[in-house]
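Read through the structure below, which is laid out as structure tokens, and then see the notes.
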Amino acid sequence: MSRKTRDNLRAYLFVSPWLISLLVFTAYPMLASFYFSMTRYTVVRPPVWIGLENFQVMFTKDDLFWVAVWNTFYYTFISVPLQMLVALILATLLNQSTRGIGLYRTAFYLPALVPAVVTALLWMLILDPRAGLANAALDAMGLPKLGWMHSVVWSKPSLIIISLWVGVGQPMLIFLAGLKNVPKSLLEAAIIDGANSWQRYWRVVIPLLTPTIFFNLLITLIASFQVFTTAFVATASASGATAAGPLNSMLVYMVHLYRQGFRYSSMGYASAMAVVLFLVLVALTLIVVRSSREWVHYEGAPPR
Amino acid sequence: MKVHKMLGQGIIHALLFAVSLLFLIPLWWLFITSIKPIDQILTIPPIWWPQPPHWENYVAALTSPAFPFWRLMGNTLFYCISSTIGAVVSSAVVAYAFARMRFTGRDLLFGITLATLLLPGVVTLIPTYVLFQRMGLVGTYAPLIIPYFFASAFNIFLLRQFMLTIPVELSDAAYVDGAGDFLILWRIILPLVKPALIVVAIFNFIYAWNDFLGPLLYLDDSSRYPLSIGLYAFRTRFALQWNLITAASLAITVPLIAAFFALQRYFIEGVTLTGVKG
């Protein structure tokens with residue numbers, strides 16, 4: 001055996017756990033999802049091939065599918081930009097601040113540690129439509145009380161508020177590290193060139209931060225489309241009602257998928273839903289990556 | 001100029017203070033509700049400190065047959081500890097190969113590894129469930145724990161980045177002395193990447209502690225529930241007993257917050273590493 005073969009064998013022994021994982025827990029389930037999506041499958045009986053019927057039902061007959069799609073888009077496209085914006089603003093303020101950074105940083109990050117079930121329950125309490133803390137605050141300001149998760153209009157904003165409480169801490173820490181990495185020499189050069197602090201921020205700091213923004217955006221976007229636990233817990237009423245929030249206004253995509261697959265045992269249909277979400281996310285990822293050439297500045301490349 | 005700067009700092013601190021209150025008040029509310037009598041919870045104006053505090057709510061919640069705290073805790077610890085061991089060991093071995101060994105297809109394989117970082121979990125969910133179902137493992141912790149023993153893209157990436165920073169000369173010297181890869185990994189590399197191993201361990205532990213969907217899918221027998229599902233089930237039965245629900249909630253949250261304060265350095269380092277080097 002040549003030395004090269006021996007080296008290869010030894011290395012592949014080291015990476016073998018990951019190779020197995022890629023095959024068994026990634027490649028196989030991915031392919032199987034596509035196969036199951038074209039079958040009628042209830043787990044107890046073997047899958048029956050039905051071609052594109054699941055997709056046809058999904059797009060033309062399942063009204064709740066479109067409700068779930070709308071809810072998930074609404075949630076994601078408001079929640080993700082807000083999360084990014086608030087995280088960036090807080091990181092910027094922290095970076096300007098001279099004292100107490102550690103305390104503030106801890107305050108913003110703690111909610112990210114709270115188990116999702118606890119978060120959902122806590123906010124159900126705070127957003128209680130009769131006399132929760134949020135309505136008490138509105139009342140104290142002389143504003144009318146809101147129905148929050150019990151109102152068609154305010155249920156999705158409720159989920160978005162929760163996502164901000166939980167989801168700002170992590171990107172904020174990453175932005176803060178990115179801001180600390182901005183070379184002092186560049187900022188000093190900008191000062192010599194007569195740039196005021198606003199110009200320094202927009203022309204020097206933000207361009208250098210775009211790779212970090214890009215990374216955070218992609219991760220948050222993908223996670224947000226797959227939001228599950230908060231919506232699931234908040235809509236699992238003790239009374240056993242089946243609507244997810246008033247008029248299903250909190251039925252997010254993953255909750256609908258879970259119900260189809262694991263409550264009604266329609267594994268084929270749920271797989272078809274998984275495939276659609278997967279394709280949408282791949283398309284979105286490609287759009288973000290493609291657009292990043294326009295707005296992400298990489299070190300060494302001339303600024304646009 | 002100086003006055004201007006001090007004014008700026010004042011405004012920044014006022015803003016940061018106001019926003020941090022918004023983040024902390026819900027946590028305070030979680031705590032304060034847990035020691036309230038039932039009629040002081042949903043009130044306008046809100047009650048910020050109950051008269052008198054009902055600490056016995058904790059006894060009621062944690063000894064309730066509907067929330068068997070110590071059994072739930074035992075199950076959660078079993079899940080967290082075994083999955084964390086699996087994740088750290090497997091990822092360290094795989095990361096070593098990517099960082100230190102030369103082999104055909106390494107860069108391609110690493111590229112695939114990075115690509116799977118963006119792979120949405122939903123696309124593997126159902127067939128993985130079916131796979132474990134066929135193996136007769138649904139209803140046990142095996143489907144939740146086994147995958148951890150086969151490394152994960154994120155952990156491999158994180159550990160590899162750390163291992164790359166260790167000077168090659170250190171392990172070369174050991175090579176010359178006739179040490180094998182396992183010995184070098186164990187004796188030289190692992191002690192040097194200990195902070196990264198701790199980061200991986202913390203993140204996996206917390207992920208398992210908070211995991212809701214996994215146990216929801218795979219566990220049906222309530223005697224096997226972890227804390228997260230136990231709390232959910234408890235709430236379904238005692239929907240209006242907010243003081244008991246928040247007491248139980250806090251009992252499963254406090255260990256994480258305590259861990260955060262004890263290991264804060266690693267948390268911040270871990271989170272920032274994921275973003276900056278990515």
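The values are calculated or read from the model by the stated rules, or taken from the named source; none is laboratory data. Because the structure is predicted, anything quoted here is derived from the model rather than measured. All Cβ positions, even for glycine, are placed from backbone atoms using ideal geometry, and neighbour counts span all protein chains on display. Please note that ligands, DNA and RNA were not included when accessible areas were found on the heavy atoms of the full protein model with its side chains. Shrake-Rupley method; radii C 1.70, N 1.55, O 1.52, S 1.80 Å.
For region A:36-50, the count of residues that are more than 9 Å from every other protein chain (Cβ to nearest Cβ), in a helix (DSSP H, G or I) and open to solvent by 40 Å² or more (accessible area, probe 1.4 Å) is zero. Within region A:96-118, take every residue that is surrounded by 18 or more Cβ atoms within 10 Å (Cβ to Cβ) and more than 7 Å from chain B (Cβ to nearest Cβ) and give me the one that is farthest from B:A259 (Cα to Cα). Ranking the candidates gives A:R105 first. Just checking, does region B:265-273 include any residue being under 23 Å from A:F262 (Cβ atoms) and of a type in the set (S, T, Y)? No, region B:265-273 contains no residue that is under 23 Å from A:F262 (Cβ atoms) and of a type in the set (S, T, Y).
The residues of region A:130-156 that are among the polar types (S, T, N, Q), closer than 21 Å to A:V118 by Cα and away from every other protein chain (no Cβ under 13 Å) amount to a single one, A:S155. For region A:157-177, the candidate set comprises residues that are buried (at least 22 other Cβ atoms within 10 Å of the Cβ) and more than 10 Å from chain B (Cβ to nearest Cβ); within that set, the residue that is farthest from A:Q226 (Cα to Cα) is A:S158. Entry remark, region A:184-204: residues being aromatic (F, W, Y) and surrounded by fewer than 13 Cβ atoms within 10 Å (Cβ to Cβ) number 2 in total.
Residue under question is B:L27, and the condition is that it be open to solvent by less than 100 Å² (accessible area, probe 1.4 Å), away from chain A (no Cβ under 11 Å) and assigned to a helix (DSSP H, G or I); does it hold? No; evaluated as a whole, the condition is false for this residue.
When region B:161-182 is limited to residues that are open to solvent by 70 Å² or more (accessible area, probe 1.4 Å) and under 13 Å from B:R100 (Cβ atoms), the one that is modelled with the highest pLDDT turns out to be B:L164. Just one of (1) open to solvent by less than 10 Å² (accessible area, probe 1.4 Å); (2) at the interface with chain B (Cβ under 7 Å from one of its Cβ atoms); (3) closer than 23 Å to A:N216 by Cβ fails for A:A87. It is (2). Based on this model, can you work out whether B:I202 counts as more than 19 Å from B:S90 (Cβ to Cβ), surrounded by fewer than 20 Cβ atoms within 10 Å (Cβ to Cβ) and touching a Leu at 6+ places or on another chain (Cβ under 7 Å)? Judged against the criteria, B:I202 is not a match. Which residue out of B:I85, B:I47, B:I32, B:I12 is within 25 Å of B:W209 (Cα to Cα), surrounded by 14 or more Cβ atoms within 10 Å (Cβ to Cβ) and not assigned by TED's automatic domain parsing to the domain that holds B:Y218? The unique qualifying residue is B:I32. For region B:98-105, does any single residue satisfy the condition of being more than 10 Å from chain A (Cβ to nearest Cβ), open to solvent by 20 Å² or more (accessible area, probe 1.4 Å), aliphatic (A, V, I, L, M) and closer than 16 Å to B:A153 by Cβ? No - not one qualifying residue is present in region B:98-105. Can you tell me which residue in region B:50-80 is nearest to the chain's Cα centre (by Cα), limited to those that are surrounded by fewer than 14 Cβ atoms within 10 Å (Cβ to Cβ) and of a type outside the set (F, W, Y)? Among them, the one singled out is B:G74.
Taking region B:60-89 as the range and being in contact with a helix residue (DSSP H, G or I) (Cβ under 9 Å, 6 or more places away or on another chain) and either of a type in the set (D, E) or over 21 Å from B:Y141 (Cα atoms) (or both) as the test, the residues that pass are B:A60, B:A61, B:L62, B:T63, B:S64, B:A66. The set of residues from region B:217-241 being among the aliphatic types (A, V, I, L, M) and crowded, with 21+ Cβ neighbours inside 10 Å comprises B:L219, B:L227, B:I229, B:L231.
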